[in-house]
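Visitor: Got a structure here, written out as structure tokens. Questions coming.
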Amino acid sequence: MKRIVVLGSTGSIGTQTLEVVREQEGLKVVGLAAGSNVSLMEKQIREFMPSFAVMWSEEAAKELKLKIADLDVKVLSGMEGLVEIASMEAYDVLVTAIVGMIGIRPTIAAIKAGKDIALANKETLVTAGHIIMPLAAEKGVSILPVDSEHSAIFQSMNGDAKERISRIWLTASGGPFRGKKTEEIRDMRVEDALKHPNWSMGRKITIDSATMVNKGLEVMEAKWLFDVSFDQIQVVVHPQSIVHSMVEYVDGAVIAQLGVPDMKLPIQYALFYPDRRPMEQEKLDFFKHSNLTFEKPDTETFEGLALAYEAGRTGGSMPTVYNAANEKAVSLFLNREIGFLDIPRMIKAAMGNHKLISNPDLEQILQTENETYDFIERMVSKEK
């Protein structure tokens, strides 16, 4: 029996993780954590009966305690709660499906406790990869990618040494605005940006897909996961989302992982690695998907991707600035306070304003995040 803790259990990846638990024998949920969705958390607790539950909001935690007062479940709150649940002994794998940089501290705590990480939180490696990966190696902990693209790369590498890898082909759907030019997307509304053609995801990541910032974050994450240079990571737009990513080897062979767009496959693969389990889902029909196409990304229109390479190559605290500026800008866009193209504009401005820290520790990473938030807020205030 493999015991798991799920951070972000009420979100898109979290709920799909629990679907895998329902469908597969051999998994036991011992801890759940979420933001503020008390009603869904209560349903999850009553179904899976974990020992611990964490709500980010203290008010939500108090409400949850009242709703499950009849159950023997310890309810915690905030960062202290996340770190405590990640540090406990009685589990095997931490699923980090929580959104944002709040995932860093509990991930570090879990690694220090010797737990394997099923990683669906991009920000952890984007901003703190230089801390996370050496620590995981020191503790003998596996970092198992849950993102479909990184899972595809992981599967395509199949344990091959990185010296044999020539290039990683990181696929992107292109989002809802693929093929459009700058003037065509200038006035796009929130509703337009949330219409992803292939994937059903949370609001923030769907906007990131529309700007291609999500792919930029994945480029930086791939650098740390697979120990390759940025020159070895090539984004390729693949509108059908059937080829989830590819690995090109030094002899010219290209190994790809294909499948229908379904996040449960990479989630299940991470939870049972190195085993593969039968899975009830739509299987890939090559006769139905007879035309697979590939395009070069338009980094002039979708400047967020180009800025990601710049931030990644600069290194140090710059990826934190990139990520934090995007988080703040996307929040403002979803609240209809700024336009769509203001997102990459604000990222670029924040990066230009930042004084680089070459090897930031965790406190400096979190301080950089707050300073970037403040910069964006001041920028918006001046422009009103």
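The values are calculated or read from the model by the stated rules, or taken from the named source; none is laboratory data. Quantities reported herein were computed from a predicted structural model and do not represent experimental measurements. Quick reminder, even Gly has a Cβ in these numbers, built from the backbone with ideal geometry, and neighbours come from all protein chains shown. Surface areas here come from the heavy atoms of the whole protein model, side chains and all, with no ligands, DNA or RNA. Shrake-Rupley method; radii C 1.70, N 1.55, O 1.52, S 1.80 Å.
Visitor: Within the range 38-76, restricting attention to residues that are free of Cβ contacts under 8 Å to residues at least 24 places away in the same chain, open to solvent by less than 80 Å² (accessible area, probe 1.4 Å) and part of a helix (DSSP H, G or I), which residue is farthest from Lys115 (Cα to Cα)?
Guide: Looking at the filtered set, the residue picked out is Ser39.
Visitor: Out of all the residues in the range 170-217, which are open to solvent by 60 Å² or more (accessible area, probe 1.4 Å) and either outside any loop (DSSP other than H, G, I, E, B) or polar (S, T, N, Q) (or both)?
Guide: If the condition is that a residue be open to solvent by 60 Å² or more (accessible area, probe 1.4 Å) and either outside any loop (DSSP other than H, G, I, E, B) or polar (S, T, N, Q) (or both), then Glu183, Glu184, Glu191, Ser200, Arg203 are the ones that fit.
Visitor: Hey, can you tell me all the residues within the range 83-118 that are under 17 Å from Ser151 (Cα atoms) and in contact (Cβ under 8 Å) with a residue 40 or more places away in the chain? Even if it seems obvious, please write down each step before you answer.
Guide: Going through the range 83-118, the residues under 17 Å from Ser151 (Cα atoms) turn out to be 93-97, 116-118.
Residues satisfying the conditions are Val93, Leu94, Val95, Thr96, Ala97, Ala118.
Visitor: Being closer than 25 Å to Gly31 by Cα and over 13 Å from the mean Cα position of the chain (by Cα) narrows it down to one residue among Arg178, Arg105, Arg167; which is it?
Guide: Numbers: Arg178 fails: closer than 25 Å to Gly31 by Cα; Arg167 fails: closer than 25 Å to Gly31 by Cα.
One residue alone meets the criteria, Arg105.
Visitor: I'd like the residue in the range 218-231 that is aliphatic (A, V, I, L, M) and assigned to a helix (DSSP H, G or I) and, out of all such residues, is surrounded by the most Cβ atoms within 10 Å (Cβ to Cβ).
Guide: Met220
Visitor: If you check Glu383, Glu337, Glu300, which single one turns out to be in contact (Cβ under 8 Å) with a residue 40 or more places away in the chain, over 29 Å from Val237 (Cβ atoms) and either surrounded by fewer than 21 Cβ atoms within 10 Å (Cβ to Cβ) or touching a Phe, Trp or Tyr at 6+ places or on another chain (Cβ under 6 Å) (or both)? Show your work before the answer.
Guide: Values: Glu383 fails: in contact (Cβ under 8 Å) with a residue 40 or more places away in the chain; Glu300 fails: over 29 Å from Val237 (Cβ atoms).
Only one candidate passes the filter, namely Glu337.
Visitor: Is the range 24-37 home to any residue that is open to solvent by 10 Å² or more (accessible area, probe 1.4 Å), assigned to a helix (DSSP H, G or I) and either in contact with a helix residue (DSSP H, G or I) (Cβ under 8 Å, 6 or more places away or on another chain) or touching a residue at least 60 places away in the same chain (Cβ under 8 Å) (or both)? Before the answer, list the steps.
Guide: Of the residues in the range 24-37, the ones open to solvent by 10 Å² or more (accessible area, probe 1.4 Å) are 24-28, 30, 35-37.
From what is left, the residues that are assigned to a helix (DSSP H, G or I) are none.
Checking the range 24-37: not a single residue is open to solvent by 10 Å² or more (accessible area, probe 1.4 Å), assigned to a helix (DSSP H, G or I) and either in contact with a helix residue (DSSP H, G or I) (Cβ under 8 Å, 6 or more places away or on another chain) or touching a residue at least 60 places away in the same chain (Cβ under 8 Å) (or both).
Visitor: Still on this structure, please answer the following. Here's a check for you: in the range 280-297, which residue that is in contact (Cβ under 8 Å) with a residue 60 or more places away in the chain and open to solvent by less than 70 Å² (accessible area, probe 1.4 Å) is farthest from Gln367 (Cα to Cα)?
Guide: Filtering first and then ranking leaves Glu295.
Visitor: What number of residues within the range 108-165 are of a type in the set (Lys, Arg), in contact with a Phe, Trp or Tyr (Cβ under 9 Å, 6 or more places away or on another chain) and modelled with pLDDT of 95 or more?
Guide: So in the range 108-165, the residues of a type in the set (Lys, Arg) come out as 112, 115, 122, 139, 162, 164.
Pick out the ones that are also in contact with a Phe, Trp or Tyr (Cβ under 9 Å, 6 or more places away or on another chain) and you get 115, 162, 164.
Checking the rest, the ones that are also modelled with pLDDT of 95 or more come to 115.
Residues meeting the conditions: 1.
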